[in-house]
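The values are calculated or read from the model by the stated rules, or taken from the named source; none is laboratory data. Being a predicted model, the structure only gives us computed values, none of them experimental. Don't worry about glycine lacking a Cβ; one is built from the backbone with ideal geometry, like all the others, and counts go over all protein chains shown. Remember, those area values only see protein heavy atoms, side chains included, never the ligands or the DNA or RNA. Shrake-Rupley method; radii C 1.70, N 1.55, O 1.52, S 1.80 Å.
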Amino acid sequence: MKKINKLLIITFILFISSYTVIVTNASTNAKTLRELKNELSSLKSKKAQKDNEKTQTQGQIAASNQSIANAKNEININQNKVEKAKEDIVELNKSIKETNESIKKTITAYQVTDGQNVYLEYVFDATSYEDLVYRYAIVEQILDYNNEQIYKYNDLIKKNEQLQIDLANREKELNNQINSLSDKIESLGDKLEQISEDTMDVQDEINSTQELVNYYTNLGCGLDQDLNDCVSIKGDTSFRKPLSKGTITSYFGYRINPLTGAGTKFHSGVDIGGNKEGTNVYATANGMVGKIIRRASCGGNQVYVFHTINGRQYTSMYMHLLTINVSIGDQVTSNTVVGTVGGGAGTRSYDSCSTGAHLHFTLANGWYGKTYLTYSKFLANTFDPKKTLGLPSKGRYWYSR
Ligand SMILES: [Zn+2]
């Protein structure tokens, strides 16, 4: 919800030309650009932390998958071992059978008396009693040997059977491991999904906060300036010339009074000539019309515009206007026509302080009427706009703003 609010607000801010204080308040908790930037960097840390968690979880999933693969591999090997044990048992049983038959034959041979039996012949061929006993014992040993073989075979069968049991138990154990690893992977997967969602949320917040930072930076808001102030007086980053063409006819500062020719008088701005009465006069930068004076006996029609340039407050003033094209509170851009050049025949009836068509243009620090209230303070805050606007020296013309 917070995210959507921000996006809506940014869209609103970017595409609607009238800026309201309410909109700015809702967009972020930050009151200044510095706070907003701090929010942005803590969001970025949060994102980095989430990314780290994500990598760790992915590593855990990979390790669990590897363990499962290992367990499955062991099961396969064990199943081969079981097969081998079964085959061995079959072979051993075969051997037992063969040995049994061999014993049977031997015993049968013992009992045969027709002289065909090799064992009996061997026994009866004895040359003495001792020899007889000896030969009898040999035959018995053959039988014993066969019996021993059978015991060995049986023993091997038992061992193979035990091996099968052991392997079956191990397989159970491994299958349990696989099951618990699968459960672990599943919960890690859920965790990963959650982290990914969180990361996306944080990224959204980063993006929208970054857009706000860019927006306020481009407005020219100061780091510690109240963002509401900055937006209500739409900021800017630089000043432009108030006329498309012109030439300075009188510099800023102390000069001979052009009307009386006597003494030195402070000139609070630059006079710009070279334009007919009625030529468009533009606001020098984005801002808000803060003050309008009509038909003053010295200065005639005057417009004062409040600006925030790179976070600093200024007032621009346009004097001797033939017409005033704006109202107090109007938001202006540097392309807004605030009025037209006067000071000549068109304004002579009421403005006695102009000798011909020209614009008197003044720049002052602060907002005259807000930061300070008196005209003398305004004058004290004026500064030479020649350098600020990049105006050429007297007598030389410019042809673009
Ligand atoms: Zn002047």
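What to note about this one:
- Condition met for Asn214 (open to solvent by 50 Å² or more (accessible area, probe 1.4 Å), more than 16 Å from the ligand (Cβ to nearest atom) and among the polar types (S, T, N, Q)): yes
- Residue match in the range 378-387 (condition: part of a strand (DSSP E or B), of a type in the set (Val, Ile, Thr) and open to solvent by less than 10 Å² (accessible area, probe 1.4 Å)): no
- One residue from Tyr375, Tyr368 being within 16 Å of the ligand (Cβ to nearest atom), within 17 Å of Lys291 (Cα to Cα) and aromatic (Phe, Trp, Tyr): Tyr375
- Remark: pairs (first residue in the range 166-194, in contact (Cβ under 8 Å) with a residue 12 or more places away in the chain and more than 17 Å from Ile68 (Cβ to Cβ); second residue assigned to a helix (DSSP H, G or I) and open to solvent by 70 Å² or more (accessible area, probe 1.4 Å); Cβ separation under 6 Å; 6+ apart in sequence or on different chains) = Leu167/Lys81.
- Selected residue (only one of Ala30, Ala71 is of a type in the set (A, V, I, L, M), farther than 30 Å from Lys159 by Cβ, modelled with pLDDT of 80 or more and open to solvent by less than 80 Å² (accessible area, probe 1.4 Å)): Ala30
- Test set (1) within 16 Å of the ligand (Cβ to nearest atom); (2) within 21 Å of Lys37 (Cα to Cα) - Pro242 fails condition number: (2)
- Pairs are defined by a Cβ separation below 6 Å, a sequence spacing of at least 6 or placement on different chains, a first member in the range 205-221 that is small (Gly, Ala, Ser), and a second member that is surrounded by fewer than 18 Cβ atoms within 10 Å (Cβ to Cβ); the pairs so defined are Ser208/Leu7; Gly220/Thr237; Gly220/Asn310.
- Entry remark, the range 325-354: residues being under 30 Å from Tyr215 (Cα atoms) and open to solvent by less than 40 Å² (accessible area, probe 1.4 Å) number 8 in total.
- Among the residues of the range 198-248, those identified as more than 30 Å from Asp51 (Cα to Cα) and of a type in the set (Val, Ile, Thr) are Val231, Ile233, Thr237, Thr247, Ile248.
- Extreme residue, modelled with the highest pLDDT, among residues of the range 267-300 that are more than 24 Å from Asp384 (Cβ to Cβ) and basic (Lys, Arg): Lys276
- Residue among Gln210, Gln225, Gln194 that is over 26 Å from Thr308 (Cβ atoms) and either out of contact with any strand residue (DSSP E or B) (no Cβ under 8 Å at 6 or more places or on another chain) or at pLDDT below 90 (or both): Gln194
- Hey, Ser349 touching a Phe, Trp or Tyr at 6+ places or on another chain (Cβ under 8 Å), assigned to a loop (DSSP other than H, G, I, E, B) and small (Gly, Ala, Ser) or not: no
- Filtered by the rule that a residue be over 17 Å from Val82 (Cα atoms), aliphatic (A, V, I, L, M) and either without any contact (Cβ under 8 Å) to a residue 24 or more places away in the chain or not in a helix (DSSP H, G or I) (or both), the range 129-165 gives Leu132, Val133, Ala137, Ile138.
- Matching residues in the range 355-375 - criterion: being of a type in the set (A, V, I, L, M) and open to solvent by 10 Å² or more (accessible area, probe 1.4 Å): Ala357, Leu373
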